[in-house]
Ligand SMILES: [Zn+2]
């Protein structure tokens, strides 16, 4: 169990496309545990592996209503036409927020940490977090699509 350093916007690693995980090794399990610890310590809703400098398709998400998800090689397989406009932030962009437009509902296929295929139907905050974290795995940040809110809070 360890807290990892979270890379900040401007770091090139955050702009790279991550490679899929082909085998869930003990090293990957340790990384997942450390990512969960790091997310908790930073009080975040999600964390993607590139944010801690690892270019692999892994993300963790925890929402108050749905609990903890570990996603390996996640893919969005369906998006609702219905959109939500809401405030979004990122642990790699500290102290800033923006308004984004995201699908209200998404369906994601992934592997869990035991390598078992899972399907997640996320709405609202969970849908937003799924989109946000999967974007990280493709080198995309929410600030690319957000209308930023000016001024500190
Ligand atoms: Zn983020």
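The values are calculated or read from the model by the stated rules, or taken from the named source; none is laboratory data. Every value quoted in this text rests on a predicted model; they were computed, and no experiment measured them. Positions of Cβ are backbone-derived with ideal geometry, glycine not excepted, and every protein chain shown enters the neighbour counts.
Here is how the numbers come out for the structure above:
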quantity	calculated
Tally, over the stretch 29-41, of residues that are within 14 Å of the chain's Cα centre (by Cα) and loosely packed, with under 15 Cβ neighbours inside 10 Å	1
Residue ID - farthest from the ligand (Cβ to nearest atom), chosen from residues in the stretch 113-140 that are touching a helix residue (DSSP H, G or I) at 6+ places or on another chain (Cβ under 8 Å) and over 22 Å from residue 33 (Cα atoms)	122
So residue 108, is it at pLDDT 95 or above, in contact with a strand residue (DSSP E or B) (Cβ under 8 Å, 6 or more places away or on another chain) and either part of a helix (DSSP H, G or I) or farther than 21 Å from residue 41 by Cα (or both)	yes
Single unsatisfied condition, residue 95 versus (1) out of contact with any helix residue (DSSP H, G or I) (no Cβ under 6 Å at 6 or more places or on another chain); (2) assigned to a loop (DSSP other than H, G, I, E, B); (3) at pLDDT 95 or above	(3)
Residue count, the stretch 141-153 (criterion: within 12 Å of the ligand (Cβ to nearest atom) and more than 12 Å from the chain's Cα centre (by Cα))	3
Residue list for the stretch 82-107, restricted to those being loosely packed, with under 15 Cβ neighbours inside 10 Å and within 13 Å of the ligand (Cβ to nearest atom)	94
Test set (1) crowded, with 16+ Cβ neighbours inside 10 Å; (2) more than 16 Å from the ligand (Cβ to nearest atom); (3) within 19 Å of residue 81 (Cα to Cα) - residue 110 fails condition number	(3)
The lone exception for residue 72 - which of (1) more than 16 Å from the ligand (Cβ to nearest atom); (2) surrounded by fewer than 18 Cβ atoms within 10 Å (Cβ to Cβ); (3) closer than 23 Å to residue 24 by Cα it fails	(2)
Count of the stretch 74-89 residues which are free of Cβ contacts under 8 Å to residues at least 60 places away in the same chain and touching a helix residue (DSSP H, G or I) at 6+ places or on another chain (Cβ under 9 Å)	8
